[in-house]
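A.B. asks: Have a look at this one.
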């Protein structure tokens, strides 16, 4: 298919597709002349993955490029590729090394140890959690820290559901793609469901509003 058809089928503007090609997110098509190329179903599928990661998951172009590189790296197991892609999807947080950061880091490490979770030291989610907790420490709103064990139990249940879904896939590539896309999109889904549930609980016993 020509780039115009690829654009129509993926619902992505041609200039955006050309940008993804320049940035290395999308592999080049089969050259048919000096200024024409042909694209296949693989390009369409990958473009839809890119669209999900950037448009829904909120990843930057740089992060998406790294994630795709890990997804399609040759000779890597599904578990290793998914782990590296997940790391790439975690946005680095700036660190202010003050007393709040020290307390938050200690709290994070203590929580992981208390839960008995086997988490690699290099997992960037450690830093993400510590950064969030440091904000609470700086604001003096440490009462919310009592919720962490309950949040962790809920997160564990969600993670088990995630991995159960992925394990049902039989094709390794589909398994990896499901893991990566659902990690990005699932974060947004989980956040939205939390807000919907909060409103539902807040209005328990009151007449429904439309």
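The values are calculated or read from the model by the stated rules, or taken from the named source; none is laboratory data. Keep in mind that what you see is a predicted model, and the values were worked out from it rather than measured. Cβ sites come from the backbone with ideal geometry, for glycine too, and all protein chains shown count toward neighbours.
A.B. asks: Looking for something at pLDDT 90 or above, surrounded by fewer than 15 Cβ atoms within 10 Å (Cβ to Cβ), touching a strand residue (DSSP E or B) at 6+ places or on another chain (Cβ under 8 Å) and farther than 27 Å from residue 145 by Cα - is there at least one such residue anywhere in the range 18-25? Before the answer, list the steps.
C.D. replies: Taking the range 18-25 as the starting set, the residues that turn out to be at pLDDT 90 or above are 18-25.
Cutting the leftovers down to surrounded by fewer than 15 Cβ atoms within 10 Å (Cβ to Cβ) gives us 18-19, 22-24.
Within this subset, residues satisfying the condition of being touching a strand residue (DSSP E or B) at 6+ places or on another chain (Cβ under 8 Å) are none.
No - not one qualifying residue is present in the range 18-25.
A.B. asks: What are the residues in the range 1-15 that are farther than 17 Å from residue 49 by Cα and not in a helix (DSSP H, G or I), if any?
C.D. replies: Listed by number, the residues that qualify are 1, 2.
A.B. asks: Which ones in the range 28-58 are part of a loop (DSSP other than H, G, I, E, B) and within 22 Å of the chain's Cα centre (by Cα)?
C.D. replies: 57, 58 - these are the residues of the range 28-58 that are part of a loop (DSSP other than H, G, I, E, B) and within 22 Å of the chain's Cα centre (by Cα).
A.B. asks: Can you tell me how many residues within the range 155-178 are farther than 27 Å from residue 46 by Cβ and over 18 Å from the mean Cα position of the chain (by Cα)?
C.D. replies: 0
A.B. asks: Let me ask something else about it. Which pairs do you get when a residue that is on the phi > 0 side of the Ramachandran plot and without any contact (Cβ under 8 Å) to a residue 12 or more places away in the chain, found in the range 51-70, comes within reach of a residue that is assigned to a loop (DSSP other than H, G, I, E, B) and surrounded by 17 or more Cβ atoms within 10 Å (Cβ to Cβ), reach meaning Cβ atoms under 6 angstrom, with the pair 6+ apart or on two chains?
C.D. replies: Note: no pairs meet the criteria.
A.B. asks: Which pairs turn up if I take residues in the range 183-195 that are under 16 Å from residue 88 (Cβ atoms) and look for partners that are not in a helix (DSSP H, G or I) with beta carbon separation below 6 Å, at least 6 apart in sequence or on another chain?
C.D. replies: Matching pairs, first to second residue: 184/57; 185/57.
A.B. asks: Output the number of the condition that residue 194 fails; it satisfies all remaining conditions of (1) over 18 Å from the mean Cα position of the chain (by Cα); (2) over 21 Å from residue 80 (Cα atoms); (3) loosely packed, with under 15 Cβ neighbours inside 10 Å; (4) at pLDDT 90 or above.
C.D. replies: (1)
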